[in-house]
Every structure is written in C-alpha cells, then in structure tokens.
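Reading through the structure tokens given below for one structure.
Laboratory data are not the source of any read-out in this text; all were calculated from the coordinates shown. A quick note: this is a predicted structure, and the numbers were derived from the prediction, not measured. All Cβ positions, even for glycine, are placed from backbone atoms using ideal geometry, and neighbour counts span all protein chains on display.
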Amino acid sequence: MIDHLPPDDAALAHRYAHPFADGRAFVRANMISSLDGSATAAGRSGGLGGDGDRRVFRVLREQADVVLVGAATVRDEDYGTPEHPALAIVTRGEVAHTPRLYPADGAEPLVYSGGGSSVDLREVLADLYRRGFRRVLAEGGPGVLGALLADGLVDELCLTVAPMLVGGDGRRIVTGPDLPTEHWRRLQILGDDEGYLYTRWAR
Ligand SMILES: NC(=O)c1ccc[n+]([C@@H]2O[C@H](COP(=O)([O-])OP(=O)(O)OC[C@H]3O[C@@H](n4cnc5c(N)ncnc54)[C@H](OP(=O)(O)O)[C@@H]3O)[C@@H](O)[C@H]2O)c1
C-alpha cells in the first residue's frame with residue numbers, strides 16, 4: 001500500500017524534511033524520470049511533471065538552503081534565480097547574464113567556474129557549507145548528478161517517476177562514469193491520483 005501525497009504542504013514538508021549532516025553539507029538530489037527511464041520529454045524535464053511533482057519541487061526548495069545545478073540545465077530549462085533558496089551554478093565557462101538569472105532588484109546566483117576546466121565539486125560543497133548553506137538541493141542535470149555521485153557526494157535521491165513512456169533517446173537521470181552498483185535504501189514512496197510515484201532513497 002502506497003501512502004497518498006499529503007494534500008497540505010505542511011504535511012508534505014514534514015515527509016520531506018531535509019536532513020543535516022555534521023560538519024558538511026547534506027546533499028539531496030531531486031530528479032524526475034519517465035517510466036522508460038528518460039530524464040526529459042521533448043528536451044526538457046518539465047514535460048514529465050505534473051501538479052504533484054511541482055508541489056514536491058517547491059517544498060524541497062523551501063527545505064533547502066541552496067540549489068546546486070549544472071549550467072546546461074540552467075540554459076535548457078531557462079532557470080531564474082529564486083529569492084529562496086540561493087542558487088549555485090557550476091560551469092567550465094561562464095553563465096549568460098540573463099534577466100532571469102540576474103534580475104535588476106533580486107538575488108544573483110553563485111557561479112563556480114573552472115575557467116575552461118572542471119571545478120572540484122567537493123570544494124564547491126565545502127565552500128557552500130562555509131557560507132552557511134548546510135542543506136544542498138542538487139537539481140541536476142544528469143551530468144552534474146553523475147559527477148557528484150562518482151565522488152560519493154550525494155546523500156539522498158528524491159526521484160519522481162512519471163506515468164509516461166516517451167521513447168526517443170533522452171538521457172537518463174544520471175550520466176557520466178560508471179558507478180559502483182551499490183544498493184540504496186528506500187526511505188519513502190508516495191503516490192497520487194495521476195499515477196505519479198514520489199520516491200526517496202538514501203545512500
Ligand atoms: N529529469 C530531471 O529531473 C532533470 C533535471 C535537470 C535537468 N534535466 C535535463 O537534463 C539536461 C541537461 O543535463 P546535462 O547532463 O546535459 O547537463 P547538466 O548536468 O545540467 O550541466 C552540465 C554542465 O554543467 C557544467 N559542469 C558539470 N560538471 C562540472 C564541473 N565539475 N565543473 C564545472 N562545470 C561543470 C558544465 O557547464 P558548461 O557547459 O557551462 O561548461 C556542463 O556542461 C536538460 O535537457 C534538462 O532538461 C532533467
């Protein structure tokens with residue numbers, strides 16, 4: 001029997017309380033996948049989402065101190081900088097100064113650039129922690145998530161499974177180097193009337 005996604009946001013937040021870790025940031029990833037394992041529909045993750053997923057997305061952001069995301073997702077999904085939480089972007093180059101990322105009178109993103117090469121994601125997390133961001137929400141994309149996982153830097157995965165088959169050659173929610181086939185621990189499965197599953201896993 002699968003519990004129903006709680007109808008009120010306070011109860012939902014309770015189900016998704018973002019843990020803390022001692023002396024370091026606790027990294028939670030949030031991703032969505034189709035039934036056939038694609039991280040996108042028509043090139044964007046938004047094509048997979050529904051009302052419940054958008055609620056979970058919002059509640060997870062409310063729980064976090066900072067969102068960590070790759071520059072490609074920022075470009076493909078036209079990210080803006082929210083008032084809360086802070087936004088941190090990793091890039092090997094630069095991010096375009098769009099009005100959505102750099103609103104005239106709003107918050108600006110933190111940009112970690114390797115100036116042509118990769119940044120050390122462990123260092124990025126350490127810097128975020130030093131700045132007081134203890135709860136990190138990694139929103140992808142698959143490349144950044146794969147790199148974080150390869151370095152053993154992800155504590156928890158929140159994965160929404162969308163009741164859709166999309167075919168095509170969309171990437172999976174994790175790309176990059178092979179990972180050790182370790183078993184993750186299932187923490188929670190919720191469902192809704194639209195057929196979505198909201199799963200939560202711990203390393
Ligand atoms: N299903 C989901 O939940 C979900 C979530 C997020 C995104 N997506 C989808 O995933 C796609 C994008 O994913 P992606 O895997 O191509 O890209 P991504 O993981 O969002 O970003 C990759 C980019 O991040 C930067 N980057 C990654 N690791 C870095 C490091 N160690 N140091 C410095 N920069 C680093 C580089 O940016 P530069 O190119 O600027 O150097 C790299 O090209 C989009 O289609 C998006 O819609 C799906």
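Key figures
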item	result
Where labels lie 7 Å past Cα in the beta-carbon direction, separation of residue 44 and residue 22 in nm	4.4
Global form of region 1-110, assessed from the alpha-carbon gyration tensor, a/c cut-off 1.5	oblate
Residue order, fewest to most surrounding Cβ atoms within 10 angstrom, among 118, 34, 113	118, 113, 34
With at most 15 other Cβ atoms within 10 Å, longest stretch of the chain clear of loop GluC sites (Glu not before Pro) (DSSP)	95-181
Loop-located trypsin sites (Lys or Arg not before Pro) in region 94-160 whose Cβ has at most 15 other Cβ within 10 Å (DSSP)	100, 131
Residue 119 versus residue 78: modelled label distance in nm, points set 7 Å from Cα along the beta carbon direction	2.5
Exposure proxy order (Cβ contacts within 10 Å, fewest to most) of 201, 184	184, 201
Where a label projected 7 Å from the Cα of residue 62 along Cα→Cβ would reach, residues of region 1-32 with amide N under 20 Å	4-20, 28-31
Inter-site label distance for residue 13 and residue 165 at 7 Å from Cα along Cβ, in nm	4.0
Fewest-first sequence of 119, 144 by Cβ atoms within 10 Å of each Cβ	119, 144
Over the chain, equivalent-ellipsoid semi-axes from the Cα gyration tensor in Å	25, 19, 18
